[in-house]
Amino acid sequence: MAAKTHLFPCLKDNYGVLLHDPASGATAAIDAPEAAPVEAALKSTGWRLTEILVTHHHGDHTAGIAELKQRYRCRVVAPQQEASKIPLVDETVREGGKVSVGKLTANVIETPGHTAGHISYWFHADKLVFAGDTLFSIGCGRVIEGTPEMMWASLLKLRDLPDDTQIYCGHEYTLANIRFAQSIEPDNRALAARAEQAARQVAAGEPTIPTTMAEEKAANPFLRADVSAVAASVGLAGKPAAQVFAEMRARKNNF
Ligand code: ZN
Ligand code: FE
């Protein structure tokens, strides 16, 4: 049976997601920004929490863990490199590792840059990736603990996933990301189409998430640092993609 997902807003602009395996009844929360909206989501779906899969140690992804764990006795899975900064971890994972949610299985992809130990969870058979604060729709996370080179390498790993992979990320930043992206690629037609779609979604009170890898490859400038037109638009024609990425990330911080 196919995996089910349920997306809901948390805090100011975070997303929580539940991933449910109908065959076994297992349900994972991807990150736990705060307990109350996760509990409300469990109530509205009728699902029972069995796992919390943590992408990275930031408080807006972990603050709900203690309360949820106490209530549901769920298993907390977290990146090995950040386990000491995350409460009540039961199991640590790293690159190449696997995580089960009932009969669903994720491959762990290390995607450092935003934080040094950030991981993404790729449910290959279900065509889903939970990318935390590494990849956003039409954007990417701030490089806080790593280097731009590291973040670019992480984004390339995600970009290698199949085009029909649905991407869930940690925040609703899409409209702001689009404004910046259009300053880099004003003539990108896929980006213009995404801008229209996202504006409609937001006006209707809908999330712009999930997005797909195909859409992001076509319109997200942070996945396009190796496209010559993108390099040229930031004055770095012919330069290495990691340098182009670093320049775009720096510009976005001041945009
Ligand atoms: Zn974060
Ligand atoms: Fe965050």
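Values for this structure:
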quantity: Estimated Rh, the stretch 4-253: Kirkwood, alpha-carbon pairs, angstrom; calculated: 18.2 Å
quantity: Value at 222 nm in deg cm²/dmol, rounded to 500, when DSSP H runs of n ≥ 4 in the chain each add -39,500 (n - 2.57); calculated: -10000 deg cm²/dmol
quantity: Amide H within-cut-off set for PHE136, under 5 Å, with H built and near neighbours excluded; calculated: GLY141
quantity: Separation of the ARG142 and ASN254 label points, Cα + 7 Å toward Cβ, nm; calculated: 1.6 nm
quantity: Candidates ARG224, ARG73, ARG194: whichever shows maximal mean-square fluctuation once the chain is modelled as a Gaussian network with Cα springs under 10 Å; calculated: ARG73
quantity: Kirkwood Rh in Å, taken over all unlike Cα pairs in the stretch 1-45; calculated: 10.7 Å
quantity: Using θ = phi - 60° and Karplus 6.51 cos²θ - 1.76 cosθ + 1.60, couplings along the stretch 215-227 (whole Hz; Gly, Pro as x); calculated: 4, 5, 4, 7, 10, 8, x, 6, 9, 10, 5, 9, 8
quantity: Rh (Kirkwood; distinct C-alpha pairs) - the stretch 155-255, Å; calculated: 14.1 Å
quantity: Amide proton proximity set for GLU95, modelled H, under 5 Å, gap of 5+; calculated: GLU110
quantity: Segment THR105-ARG179, extension gain: residue separation times 0.36 nm, minus the distance between their alpha carbons; calculated: 23.0 nm
quantity: ALA190-ARG73 FRET efficiency (beta carbon distance; Förster radius 51 Å; 0.05 resolution); calculated: 0.70
quantity: The chain: relative contact order in percent, alpha carbon pairs under 8 Å with at least 6 residues between; calculated: 13 percent
quantity: Karplus (6.51, -1.76, 1.60) ³J(HN,Hα), θ = phi - 60°, over the stretch 162-178, in Hz, Gly and Pro reported as x; calculated: x, 4, 8, 5, 7, 10, 9, 10, x, 9, 9, 10, 4, 5, 5, 4, 5
quantity: Accessible solvent surface per residue of the chain, calculated while the other protein chains remain in place, 1.4 angstrom probe, Å²; calculated: 42 Å²
quantity: Mean projection area, nm², convex hull over Cα of the stretch 1-143; calculated: 7.7 nm²
quantity: Long-range amide H partners of HIS171 with built H, under 5 Å; calculated: TYR15
quantity: Virtual spin-label span in nm between LYS157 and VAL227, 7 Å along Cα→Cβ; calculated: 2.4 nm
quantity: Rough spin-label spacing in nm, given labels placed 7 Å along Cα→Cβ, for ALA214 and GLU91; calculated: 3.3 nm
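The values are calculated or read from the model by the stated rules, or taken from the named source; none is laboratory data. Fair warning: this is a prediction, and the values are worked out from it, not measured in the lab. Note that each Cβ is placed from the backbone with ideal geometry, even for glycine, and that neighbours are counted across all protein chains shown. Quick note on the areas: whole protein, heavy atoms, side chains included, nothing else; ligands and nucleic acids left out. Shrake-Rupley method; radii C 1.70, N 1.55, O 1.52, S 1.80 Å.
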